[in-house]
Structures are given as structure tokens and as C-alpha cells.
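Notes for the one structure printed next.
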Amino acid sequence: MKNLLCSLLAFVMLSLLPVQAETRKDTLLLRDDHPQEYVVVKGDTLWHISGRFLKSPWKWPEVWGVNPQVDNPHLIYPGDIIYLTWVDGKPRLGVKRDSSIYPKARVSPLEQAIHAIPLRDIISFLNDNRVLSEDLLKKAPYVLGGQSERIIAGAGDRIYARGTLLEDQRRQGIYRAASEYKDPDTEEFLGYEMLKIADADVVAHSKDEIVTLDVVKSHKEVRILDRVVPTEEVRIQSVFYPKASPEGVEGKVLSVLSGVRDAGQFNVVALNRGMREGLEAGHVFAIYRKGELIKDPVTNEMLNLPPERSGELMVFKVFEKVSYGLIMQSTNVVSIGDELREP
């Protein structure tokens, strides 16, 4: 009987372990120095404000409480007071607003409200960068040149391209392949990093697949062999809802999009995971810096030190096999090849 009771107790304890582990994983931990209240100022973000209260600021959607005085708790403005409270034993952040200084009707509330993350650091990548598969790049029309045999062109110039448009729309983008992405572990080709050079309007098509376009806006000079790709209709998100990356999905940093090897807070990086792996805008990864190579003074062996957590990033734009992420926090430089894990 005693053995039976011991076995039953052991079974109960083991069956509780996953639940306890999951509970610990989902626990919202407050910073030791968290304030009771915080006054929102211009330039704040939801991530930044939550970071004053939480050890894991990306969990802010879990702590924003509904306040009857605020129509949308995710729309907060400079001057609002964020306060810490407790509901059913869990921390919640509420908003106190002086209604006397806020008119009932707003002309542009979304522009006045603070953002979830600093949009200024990603807006150019939302508009001007994309990743294209090898197949689509080969199918996209290529620039032949401009009028009067020009080999470069800019805004206001007419250019000619050869090929069939990927999409039959008037406004097209002129893109240039900046780099190739390959998976660092499998060597799989993931796509071409495409940099937007200009916007152009289609004027005419010919039987020889010659497309006539007028350049309406250019960031750089259009050159021969640049590709004509449909302009993406990107709706700029002002609010991202962070969430943990899919279970079991890990990755690596492919590149730093600013053109340097090392990155820090608010730099944009590309990672070798995308829609194929279930990624969406808002997914958060922990960044682990590669361990350094060190020599054992006793055996003279060269050893790799274990990776150490160096920051967090949030995915904001997703392609089939590649994604862009914004580094939200960093305690060390982030480099190409650094590992990405569940936060």
C-alpha cells in the first residue's frame, strides 16, 4: 500500500511539472524599480513605456487594462498618466486622462497617438525594401535604357524595359538587387534583397515586349538592368501587437540592412525565417550573441564559449523565407550569424 501511495504521489508530481513550467514561462515579472505612475511624453512608444514597468516589455498587450474613460487603451497620448494596478493578482496598466484637455472630436487621432514601436526607424524598410525569389526576379522586366541612348535616368525621364509585367498596373517600382540571401546552415537560397530605386508609370506596351515608362520619383539614378516590379501597397502599421515567436522556430541574423556588419538598438536586420515558418508581424525573438573562441590555458584546445543573450527583436515585415526585424533592446552588439530563439 505504501508503494502504491508513493507511486501515485510521484505520478501527480510529474503530471504537474509541465503546467508549472508553463506558468513560470507566462509569468509577468515587474522591474524592481518600476514606478507606480508614468506621464507619457512625446516620442514615447508602448514598448518603451512598458519597459519602465516590465522586465519583458514585449508582453505589454497582456497588461494593458480596459479603462472606461479611454475608448481604445492602445491609443494613448502625451500627457496621459499610465498607472500600475492589480486585477485578480496580476499586474495591469491603466490610463488616466484629463478629459477637459481632450476635445471629444479629433481630426487625426492616429497621428497624435504614440506608436507601439519607433516607426521612424522602419518606415523606409516598409516602403523601399523587399525580398524577391529567384524565379520572380528572372521574370521581372529589365531596364534597357532611356531616351537618347541614356544609360542612367532620374525623375522626369522616360525609360524602356523589356519583358512582361508581373502585374498589369500603372504604377511600377524600379528595383535593384542589393544582395543574395542564403541560409547559413543549409545553404538554401532564400531570395534577393531588392532596393527600391524609383517609381515609374507605365505609358505603353509594344509587341516586342517593350514597356515604356515615365520615372515620376527617384531615390537613386535608374540604370540598365534594373528590374521593374509592381509597387507594394503597404499600409503603415502604427500599432504592432508583440507575441512570442512560434514554438520551436529558431533562426539567425542574415544581414544588417543599414549596410554595416554590427547592429544595435533600433537597427533593422534580416533573419532567415519567414511566412513558411509561420512568422507574422509582431513576433518577438531573443537574440543570442555567438560565443567567442578562447584557448584553454591547460590543454591548449580552442573552445567556443556558449552563446549569451544580447537583446530582443520584433518582426515587422515578413516574406516567404526571410523577414525584417527591429532590434528593440540590446546589451551587446548584434552581428550577422547571431542566433534567434524564443524570448
(message) Just to be sure I understand, how many residues within segment 305-338 are in contact with an Asp or Glu (Cβ under 7 Å, 6 or more places away or on another chain), touching a residue at least 60 places away in the same chain (Cβ under 8 Å), more than 14 Å from F285 (Cβ to Cβ) and open to solvent by 50 Å² or more (accessible area, probe 1.4 Å)?
(response) 1
(request) Please go through segment 268-304 and pick out each residue that is of a type in the set (F, W, Y) and free of Cβ contacts under 8 Å to residues at least 40 places away in the same chain. (result) none
(request) Filter the strands (runs of 3 or more DSSP E) completely within segment 109-190 down to those with at least 1 residues that are modelled with pLDDT under 95 and closer than 16 Å to T231 by Cα. (result) 129-132, 171-182
(message) What's the total number of residues in segment 50-83 that are modelled with pLDDT of 85 or more, touching a strand residue (DSSP E or B) at 6+ places or on another chain (Cβ under 6 Å) and either surrounded by fewer than 16 Cβ atoms within 10 Å (Cβ to Cβ) or in a strand (DSSP E or B) (or both)?
(response) 3
(request) Out of the residues in segment 177-210 that are under 35 Å from the mean Cα position of the chain (by Cα) and among the β-branched types (V, I, T), state the one that is surrounded by the fewest Cβ atoms within 10 Å (Cβ to Cβ). (result) T186
(request) Examine segment 260-267 for a residue that is open to solvent by 60 Å² or more (accessible area, probe 1.4 Å), outside any helix (DSSP H, G or I) and without any contact (Cβ under 8 Å) to a residue 12 or more places away in the chain, and state whether such a residue exists. (result) yes
(request) Return yes or no: is I197 in contact with a Phe, Trp or Tyr (Cβ under 7 Å, 6 or more places away or on another chain) and either modelled with pLDDT under 95 or farther than 30 Å from E250 by Cα (or both)? (result) yes
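The values are calculated or read from the model by the stated rules, or taken from the named source; none is laboratory data. Because the structure is predicted, anything quoted here is derived from the model rather than measured. As a convention, Cβ positions derive from the backbone with ideal geometry for all residues, glycine included, and neighbour counts pool all protein chains shown. For accessibility, only protein heavy atoms count, side chains too; no ligands or nucleic acids. Shrake-Rupley method; radii C 1.70, N 1.55, O 1.52, S 1.80 Å.
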